[in-house]
Amino acid sequence: MFWAVLEGVSARVGQQLLEAERDAPDQVAALRIWCQEWIRLAGDQVFQQIVLIDAPAVLGWQRWREIDEQANLGWIRAALTHAAEAGGIELRHVDVFAHILLAAVNEVAMMIARADDPAVALAAGESGVAGFLDRLLGAAG
């Protein structure tokens, strides 16, 4: 039963993410939008409970990570490859940076979900992620 709920929430979240990044001029810009939208979703009570809290507890941490990687890691890697080809990062770092970025946005989302003041945490998360991406990607995208 939980799996059906998770699939439904994941489908809704996936649609929101696609809509948010739809008008991005390139993959790197889409990645920036995706990261910001992902952490904003942490303010959604259903997303918090089902995706961030219940899924790792019910499925186990390893299975939750596998699902997250299957859903997100490949396209993050593709966007970072695009950034590398544009000279923004070194190609040899793409895979490691993709894992770091996925972990970072998940951790920021958890920080927001567990904050005493989610609005303050969200503002800090948005600013921090934007600054992180600026440093990571430089002029790319």
E126 among the acidic types (D, E) and touching a helix residue (DSSP H, G or I) at 6+ places or on another chain (Cβ under 9 Å): yes
Out of A71, A78, A123, A113, sole residue that is modelled with pLDDT of 95 or more and closer than 17 Å to W38 by Cβ: A123
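Results for (1) part of a helix (DSSP H, G or I); (2) over 18 Å from I76 (Cα atoms); (3) in contact with a Gly (Cβ under 9 Å, 6 or more places away or on another chain), shown as yes or no for each residue.
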| site | (1), (2), (3) |
| --- | --- |
| R92 | yes, no, no |
| H99 | yes, no, no |
| N106 | yes, no, no |
| M110 | yes, yes, no |
| A119 | yes, yes, yes |
| A123 | yes, yes, no |
| G128 | yes, yes, no |
| G131 | yes, no, no |
| R135 | yes, no, no |
Lone unmet requirement of (1) of a type outside the set (D, E); (2) farther than 17 Å from F2 by Cα; (3) out of contact with any Phe, Trp or Tyr (no Cβ under 8 Å at 6 or more places or on another chain) for L41: (3)
Count of residues meeting criterion [surrounded by fewer than 17 Cβ atoms within 10 Å (Cβ to Cβ) and either in contact (Cβ under 8 Å) with a residue 12 or more places away in the chain or not aliphatic (A, V, I, L, M) (or both)] in region 11-28: 9
Within region 42-76, tally of residues that are assigned to a helix (DSSP H, G or I) and under 18 Å from A130 (Cα atoms): 1
The one condition in (1) more than 28 Å from A4 (Cα to Cα); (2) without any contact (Cβ under 8 Å) to a residue 24 or more places away in the chain that E66 fails to fulfil: (1)
Options F47, F97; residue that is surrounded by 17 or more Cβ atoms within 10 Å (Cβ to Cβ), at pLDDT 95 or above and in contact with a Leu (Cβ under 7 Å, 6 or more places away or on another chain): F97
Only one of A103, A84, A119 that is over 17 Å from the mean Cα position of the chain (by Cα) and surrounded by fewer than 13 Cβ atoms within 10 Å (Cβ to Cβ): A119
Members of region 20-41 found to be farther than 15 Å from N72 by Cβ and either assigned to a loop (DSSP other than H, G, I, E, B) or small (G, A, S) (or both), listed by number: R22, D23, A24, P25, D26, A29
Residues that are within 13 Å of the chain's Cα centre (by Cα) and not hydrophobic (A, V, I, L, M, F, W, C), drawn from region 53-81: R65, D68, E69, Q70, N72, G74, R77
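The values are calculated or read from the model by the stated rules, or taken from the named source; none is laboratory data. All of these numbers come straight from a predicted model, not from anything done at the bench. When we count neighbours, we look across all protein chains shown, and the Cβ atoms used for this are built from the backbone with ideal geometry, even at glycine.
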